[in-house]
Amino acid sequence: MKTKYVTDTMAIVIRLEKRKLPAKVKQLFEKAEHGEMEIYIPAIVFAELGYLSEKGKIDINLDNVKNYCNKYPSIKEKETTLNTIINTFQISDIPDDRIIAGTALELNHPIITNDTVIANSRFVTTIWG
């Protein structure tokens, strides 16, 4: 069975903008790109990417992410479902990005994130540096 992770917005942005990632995180993306593991992108991450792109705060856009997912089938979209939202509202220690955390909780996968609030949550596990 393949190892699986959920990515937050900044992790996928940094990867696609070819900025420096911690070696461990870079390796996770490379393994997923080679089909050795899977990384799920929550639907809310696409919304955040669209907003950040529209405001000129990042250099990538939704087409870049769509093309990345199409090129690497092990990088997968994860829709937001009622079950996602139910899991989201079980999380009480993450004020922002709860839907990302709820997605990870629903799937029981660690989150690739540099967000210290998410990393300090008692509800999810994370990986970064």
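Derivation of every value follows stated rules applied to the coordinates shown; laboratory data play no part. This structure is a prediction, so every number in the text was calculated from the model and none was measured. Positions of Cβ are backbone-derived with ideal geometry, glycine not excepted, and every protein chain shown enters the neighbour counts.
Report summary: the helix-based calculation at 222 nm, which adds -39500 (n - 2.57) for every DSSP H run with n ≥ 4 and divides by the residues of the chain, gives -13500 deg cm²/dmol.
What nm value, rounded to one decimal, do you get for the distance between A47 and Y72 when each label is placed 7 Å out toward the C-beta? Simple spin-label model gives 2.5 nm for this pair. Relative to one another, the C-alpha centroids of the range 33-47 and the range 49-91 are positioned 8 Å apart. Electrostatic bookkeeping for C69 treats Lys and Arg as +1 and Asp and Glu as -1; over the other residues with beta carbon under 9 Å from its beta carbon, the sum is +2. Taking a Cβ cut-off of under 12 Å around S92, the surrounding Lys, Arg, Asp and Glu residues balance to a net charge of +1, with basic ones at +1 and acidic ones at -1.
Rounded is the label for the chain, because a/c, from the alpha-carbon gyration tensor with a ≥ b ≥ c as root eigenvalues, stays below 1.5.
Sites listed here are GluC sites (Glu not before Pro) in the range 1-104 whose DSSP assignment is loop and whose Cβ has at most 16 other Cβ atoms within 10 Å: E17, E36, E79.
Among D115, D63, the order by Cβ neighbours within 10 angstrom, fewest to most, reads D63, D115. Relative contact order for the range 3-127: 29 percent, from Cα pairs under 8 Å spaced at least 6 residues apart, divided by residue count.
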